[in-house]
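The values are calculated or read from the model by the stated rules, or taken from the named source; none is laboratory data. Model, not experiment: these values are computed from the prediction. Cβ coordinates were reconstructed from backbone atoms using ideal geometry, including for glycine residues, and neighbour counts include every protein chain displayed.
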Amino acid sequence: MGDIDKTISRIINAIDWRKIKGYHKKLGILWEFNEDKQIIRRVPTIKELQDEFRSIVTHMNEQNINYISYGNWVVFWDRDSGSIGDIRVIFRLVDFHFEENRNSRESLEEALRKAVEKEDYEYAAILRDTMRKKQNEE
């Protein structure tokens, strides 16, 4: 298993999939499945949700994409060559953040600088709030 596969597995393990599935149930987010030549609409299983997320992040890695919005997922991936970098995952009202180096305030500051340069103020605000939260935890 390569570094990226290990990282994707770590991210998947960090996400509260019961909460994600719960949002599907609560909000009526159903997927369509073709079973026995019929279209069945149902809440996806946790494994199906994980497989969807894994394919999104794998696609981002293969195409060297830093941002993607797909279905209910929004993923920001801030990375430099030779490093996995920081990945922020948003599912509608739920926000998960994976950092390669959890103690790296410098990485957050750098990501904030890049977000402002790109005029991505929504992400910049999220980073600012994360930095404040980290500072309060210290």
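Annotations for the structure displayed:
- Of the listed requirements (1) in a loop (DSSP other than H, G, I, E, B); (2) at pLDDT below 70, SER83 misses just one: (2).
- Residues within the stretch 26-58 that are free of Cβ contacts under 8 Å to residues at least 40 places away in the same chain and not in a loop (DSSP other than H, G, I, E, B), tallied: 20
- Filtered residues of the stretch 101-119 (kept if modelled with pLDDT under 80, assigned to a helix (DSSP H, G or I) and either in contact with a Pro (Cβ under 6 Å, 6 or more places away or on another chain) or exposed (fewer than 14 other Cβ atoms within 10 Å of the Cβ) (or both)): ARG105, GLU106, GLU109
- Enumeration of residues in the stretch 86-100 that are at pLDDT 80 or above, closer than 26 Å to GLY22 by Cβ and not aliphatic (A, V, I, L, M): ARG88, PHE91
- Among the residues of the stretch 120-131, those identified as in a helix (DSSP H, G or I) and either surrounded by 12 or more Cβ atoms within 10 Å (Cβ to Cβ) or touching a Ser or Thr at 6+ places or on another chain (Cβ under 9 Å) (or both) are TYR123, ALA124, ALA125, ILE126, LEU127, ARG128, THR130, MET131.
- Residue that is farther than 29 Å from ALA125 by Cβ and among the small types (Gly, Ala, Ser), where the choices are GLY2, GLY22, GLY71: GLY2
- Flag not set for LYS47, criterion: farther than 20 Å from ASP86 by Cα, surrounded by 13 or more Cβ atoms within 10 Å (Cβ to Cβ), at pLDDT 90 or above and charged (D, E, K, R).
- Residues within the stretch 13-25 that are under 18 Å from ILE87 (Cβ atoms), free of Cβ contacts under 8 Å to residues at least 60 places away in the same chain and either touching a helix residue (DSSP H, G or I) at 6+ places or on another chain (Cβ under 9 Å) or in a loop (DSSP other than H, G, I, E, B) (or both), tallied: 1
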